[in-house]
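Enquirer: Next up is a structure, given as structure tokens.
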Amino acid sequence: MSRREEREQAFALLFERLVNQNSVEEVIENAGLARDCDVTDYIRTIAYGVEQTEEELNQIIEENLSASWKRSRLSKVTMALLQLAIYELKYMEDIPLKVSINECVELAKLYGGEDDASFLNGVLGSVAKKTEQSND
């Protein structure tokens, strides 16, 4: 499975978790039963990492939304994609910032609304800029 496919599977698990409000463990178990999903180490790292750092990730999301947006207005697709990408930006140093952002934008084009890709690009660009500044 390619990293892109793994990322898409991780997104699907995170989305399902948000919709059903289940734990990652339950979502992974259900995915294996329902669709014979091969949950790789990368997918587990993302899913459990997002679950463990969700409060921090949500705070970062709120800090990087424009003044007219609130986290409660975001769709579950948007939230899952933001959590996935921000987790990668903060905790997976082997993945370049631009790759995380680009992959998230591409997934938004597949699964989100018509404006989601540009919205996510803007939010993640802001997060990446702050991340790069804090690493200097």
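Enquirer: Given a 1.4 angstrom probe, what's the average accessible area per residue across the stretch 1-96, in square angstrom?
Expert: 54
Enquirer: Then there is this: For the chain, what is the relative contact order in percent, using Cα pairs closer than 8 Å and at least 6 residues apart in sequence?
Expert: Working: 115 pairs, mean separation 31.0, N = 136.
So the answer I get is 23 percent.
Enquirer: Follow-up. Using θ = phi - 60° and the Karplus form 6.51 cos²θ - 1.76 cosθ + 1.60, what ³J(HN,Hα) does each residue of the stretch 98-113 get, whole Hz, x for Gly and Pro?
Expert: Going residue by residue, I get 5, 5, 4, 5, 4, 5, 5, 4, 5, 5, 5, 5, 7, 10, x, x Hz, with x marking Gly and Pro.
Enquirer: Let me ask something else about it. FRET efficiency for Glu25 and Lys76, Cβ-Cβ distance as r, R0 = 22 Å, nearest 0.05?
Expert: E(calc), rounded to 0.05, equals 0.70.
Enquirer: Helix 41-52 versus the longest principal axis of the chain: what is the Cα-based angle in degrees, 0 to 90, to the nearest 10?
Expert: Approximately 60 degrees, to the nearest ten.
Enquirer: Something else: If I stretch the segment between Ser134 and Gln52 completely, what's the gain in nm (0.36 nm per residue apart, minus their alpha carbon distance), one decimal?
Expert: 27.3 nm
Enquirer: Can you list residues whose amide H is under 5 Å from Trp69's amide H, if they're 5+ apart or on another chain and H is modeled 1.01 Å from N?
Expert: Distant-sequence amide H within range of Trp69: zero hits.
Enquirer: So, one more: If you fit an axis through the alpha-carbon atoms of helix 76-91 and take the longest principal axis of the Cα set of the chain, what angle between them do you get, 0 to 90°, nearest 10?
Expert: Around 80 degrees separate the two axes.
Enquirer: List nothing, just return the count: lysine pairs in the stretch 4-136, 8 or more apart or interchain, with Cα separation under 14 Å.
Expert: Taking the Cα cut-off of 14 Å, the pair count is 5.
Enquirer: Additional query: With +1 assigned to the C-beta of every Lys and Arg and -1 to the C-beta of every Asp and Glu, and no other charges, what is the dipole magnitude of the stretch 34-94 about the Cα centre in debye, to the nearest 20?
Expert: Computed charge dipole of the stretch 34-94: roughly 460 debye.
Enquirer: Hey, another quick one. Over the Cα atoms, compute the radius of gyration (one decimal) and Dmax (the largest Cα-Cα distance, rounded to a whole number) for the chain, in Å.
Expert: Rg, Dmax (Cα atoms, Å): 14.1, 45.
Enquirer: Using Cα atoms only, what is the angle between the long axis of helix 54-63 and the major principal axis of the chain, expressed in degrees (0 to 90) to the nearest 10?
Expert: 30
Enquirer: Now, a different point. Quick one: with all protein chains in place, what share of the accessible area of the chain is carbon or sulfur, to the nearest percent (1.4 Å probe)?
Expert: Exposed carbon and sulfur together represent 44 percent of the surface.
The values are calculated or read from the model by the stated rules, or taken from the named source; none is laboratory data. Computed from a prediction, not measured in an experiment: that's the story for all the values here. Cβ: placed from backbone, ideal geometry, glycine included. Neighbour counts: every protein chain shown. To get the accessible areas, we keep the full protein, side chains included, count just its heavy atoms, and leave off ligands, DNA and RNA. Shrake-Rupley method; radii C 1.70, N 1.55, O 1.52, S 1.80 Å.
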